[in-house]
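The values are calculated or read from the model by the stated rules, or taken from the named source; none is laboratory data. Since we're looking at a predicted model, the values are computed, not measured. With ideal geometry, Cβ positions are generated from the backbone for all residues, glycine too; neighbour counts draw on all protein chains shown.
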Amino acid sequence: MSPPASLSDLRAHLQSIPQARSMQVDVVGDSDGRLQLSAPLAPNVNDKGSAFGGSLVSLMTLAGWGLATLRLAEAGLEADVYVADSQVRYLAPLEADLRAEAWLEEGDWNAFIDTFRQRGRARCRIAARVLLPGGGEATVFSGRFVALAQD
């Protein structure tokens, strides 16, 4: 399957990933430089009735991957995007549907795109978070993503 070039492509691509499909991940939107994904609590619940930590980090990782993939596609580039490493902090239990947003944490997209064009590879640091329904953060994420030219 080729990389997603639009939000509808991203939504379809996520359905081809078994983990994302079982989590029932959906694309909410892409605005103000932030990609938003969601997933219902029911398939992502732990034994305490709150969101499973693995689902929280998976949703934020998918949001970061999707953001980098979309920005490359907007520049007319196809790449394989991977998460290289990440740090996660769980701040509060979430007892509601999951909603993650991801944004570029360091640098700018133009530099990332230029590096990819010149070298066939580039990396970026993306931040993400899952919000609590009444405000505040349930979980925060910082990850380094790598884009590699497709063979």
Exercise. Inside region 8-31, can you point out the residues that are touching a residue at least 24 places away in the same chain (Cβ under 8 Å) and touching a strand residue (DSSP E or B) at 6+ places or on another chain (Cβ under 8 Å)?
Worked result: Leu10, Leu14, Met23, Val25, Val27, Val28, Asp30
Problem set entry | The one condition in (1) under 28 Å from Val45 (Cα atoms); (2) modelled with pLDDT of 95 or more that Val146 fails to fulfil | (1)
Problem set entry | Residues within region 39-63 that are at negative phi, in a loop (DSSP other than H, G, I, E, B) and not aliphatic (A, V, I, L, M), tallied | 6
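If you go through region 74-118 one residue at a time, how many are among the hydrophobic types (A, V, I, L, M, F, W, C), touching a strand residue (DSSP E or B) at 6+ places or on another chain (Cβ under 7 Å), farther than 24 Å from Ser22 by Cα and not in a helix (DSSP H, G or I)?
Within region 74-118, the first condition is being among the hydrophobic types (A, V, I, L, M, F, W, C), and the residues that meet it are 75, 77, 79, 81, 83-84, 88, 91-92, 94, 96, 98, 100, 102-104, 109, 111-113, 116.
Those left that are additionally touching a strand residue (DSSP E or B) at 6+ places or on another chain (Cβ under 7 Å): 79, 81, 83-84, 88, 91-92, 94, 98, 100, 102-104, 112, 116.
Those still in the list that are farther than 24 Å from Ser22 by Cα too: 79, 91, 103-104, 112, 116.
Restricting the remaining residues to those that are not in a helix (DSSP H, G or I) gives 79, 91, 103-104.
The number of residues fulfilling the criteria is 4.
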Problem set entry | Those residues of region 83-110 which are small (Gly, Ala, Ser) and either closer than 17 Å to Gly64 by Cβ or at pLDDT below 95 (or both), in sequence order | Ala84, Ser86, Ala100, Ala102, Gly107
For this session: Kindly provide the set of residues from region 36-90 that are aromatic (Phe, Trp, Tyr), under 15 Å from Ser142 (Cβ atoms) and either surrounded by fewer than 17 Cβ atoms within 10 Å (Cβ to Cβ) or in contact with a helix residue (DSSP H, G or I) (Cβ under 6 Å, 6 or more places away or on another chain) (or both), ordered by number.
Result: Tyr90
For this session: Would you be able to say whether some residue in region 97-114 is touching a residue at least 40 places away in the same chain (Cβ under 8 Å), among the small types (Gly, Ala, Ser) and surrounded by fewer than 16 Cβ atoms within 10 Å (Cβ to Cβ)?
Result: no
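With Arg21, Arg11 as the choices, which residue is of a type in the set (D, E, K, R), modelled with pLDDT of 95 or more and surrounded by fewer than 18 Cβ atoms within 10 Å (Cβ to Cβ)? Steps first, please.
Numbers: Arg11 fails: modelled with pLDDT of 95 or more.
After applying the criteria, what remains is Arg21.
Might you check whether a residue that is of a type outside the set (Phe, Trp, Tyr) and in a strand (DSSP E or B) occurs anywhere in region 15-26? Quick ask: steps written out before the conclusion?
Of the residues in region 15-26, the ones of a type outside the set (Phe, Trp, Tyr) are 15-26.
Of the ones still in play, those that are also in a strand (DSSP E or B) are 26.
Yes, region 15-26 contains a residue that is of a type outside the set (Phe, Trp, Tyr) and in a strand (DSSP E or B).
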